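Contents: one structure, followed by commentary.
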Amino acid sequence: MKIFYCDTFVLPLPEGHRFPMAKYRLLRERVAAEGLGTLTLPQAAGDAALLRVHDAGYVERVVSGTLAPEEVRRIGFPWSPGLVERSRRSVGGTIGAARAALDAGASANLAGGTHHAFADRGEGFCVFNDVAVAIRALQATGRIRRAAVLDLDVHQGNGTAALFRSDAEVFTASVHGDRNFPFRKEPGDLDLPLPDGAGDDMFLAAVTVAAREVLERGRPDIVFYVAGADAFAGDRLGRLCVSREGLAERDALVVESLRRSGVPLAVVMGGGYAHDVLDTVEIHLHSVRAASRLARA
């Protein structure tokens with residue numbers, strides 16, 4: 001299985017910044033140690049790909065470093081050339097994973113899942129919407145007509161839902177914390193909000209519904225799975241109480257539904273902010289392991 005990574009592109013962050021950048025390097029090292037696939041450095045997404053989704057003015061402000069202070073605050077990362085390059089590579093990784101999934105049944109990007117990015121703005125540590133750009137790239141080249149997004153990050157993919165709200169050929173499903181960020185949700189095709197403290201049983205029941213509806217209602221040519229690690233009980237930002245075993249069962253449910261349907265799967269990582277970064281890494285690693293069982297040699 002082809003597995004894309006971009007952690008070697010440094011994103012300079014001020015001391016004390018709460019985003020756990022180390023998880024990406026640690027995850028790549030674990031993936032390499034287990035031999036789960038061929039690690040591949042993605043190409044940077046170019047302006048033409050980004051502009052199928054994002055407003056030209058927004059892309060220009062990101063690239064040139066002329067974002068307004070409030071735009072930078074909303075994104076949550078300080079601007080730097082490294083931010084631009086890392087963001088382009090993260091999108092490129094999801095485009096690469098999508099193309100590889102169509103060829104081999106499954107692939108993964110060890111980054112991505114930047115589902116809070118809208119056409120004209122970023123927020124919540126998301127600059128460009130990688131899944132949306134990848135869907136438009138596949139559609140533009142005729143490789144797919146329909147796509148579905150199965151978003152199991154604890155935070156609703158508000159940017160993704162807004163981008164595809166009027167698009168009948170892209171089905172968006174989200175299982176997320178009802179009272180968690182973003183506090184103003186954007187309606188998707190299927191939203192399954194969970195109360196604070198929801199555990200394995202409630203979470204997995206919602207995942208089962210979402211995985212079924214993505215295939216039955218979405219009728220996709222490819223599924224993008226946002227495999228967030230932040231529903232974990234030990235996550236600093238999650239507010240749910242799902243165990244690591246429950247998240248592993250989540251991955252198994254998704255992969256088994258795709259195995260039965262024969263629909264290709266592209267996995268992106270989404271969020272993860274556990275008190276112990278190794279918990280986040282292990283949860284993400286299980287998602288990659290699960291996807292590797294779908295891939296054809």
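No value in this document is a laboratory result; all are computed from the given coordinates. Treat the numbers as computed from the prediction; the structure is a model and nothing was measured. Here the Cβ is made from the backbone with ideal geometry for all residues, glycine too, and neighbour counts use every protein chain on show.
What is the local net charge at A206, summed over the other residues whose Cβ is closer than 12 Å to its Cβ (Lys, Arg +1; Asp, Glu -1)?
My count for the surroundings of A206 gives -4.
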Charge context of L50, other residues only, Cβ under 15 angstrom, K/R +1, D/E -1 = +1
In whole angstrom, note down how far apart the Cα centers of segment 162-196 and segment 51-113 are.
-> 21
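Under a point-charge model restricted to the Cβ atoms of Lys and Arg (+1) and Asp and Glu (-1), what is the dipole moment magnitude of the chain relative to its Cα centre, in debye to the nearest 20?
Dipole size: approximately 700 debye.
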Non-local residues with an amide H under 5 Å from the amide H of D151, with H modelled 1.01 Å from N and Pro and chain starts lacking one, are A173, S174, V175, V226
Calculated Cα Rg over 2.2 N^0.38 Å (choose from (1) 0.89; (2) 1.07; (3) 1.18), label | (1)
Going by a ≥ b ≥ c, the root eigenvalues of the Cα gyration tensor, does segment 1-69 fall in the rounded group (a/c under 1.5), the prolate group (a/b larger than b/c) or the oblate group?
-> oblate
Obtain the nm distance between the two label points defined at E60 and T38 by a simple spin-label model: each point lies 7 Å from its Cα along the Cα-to-C-beta direction.
-> 4.0
Segment 234-297 versus segment 1-43: alpha-carbon centroid distance in Å = 16
Describe numerically, in nm with one decimal, the distance between label points set 7 Å from Cα along Cα→Cβ at H17 and at R244.
-> 2.7
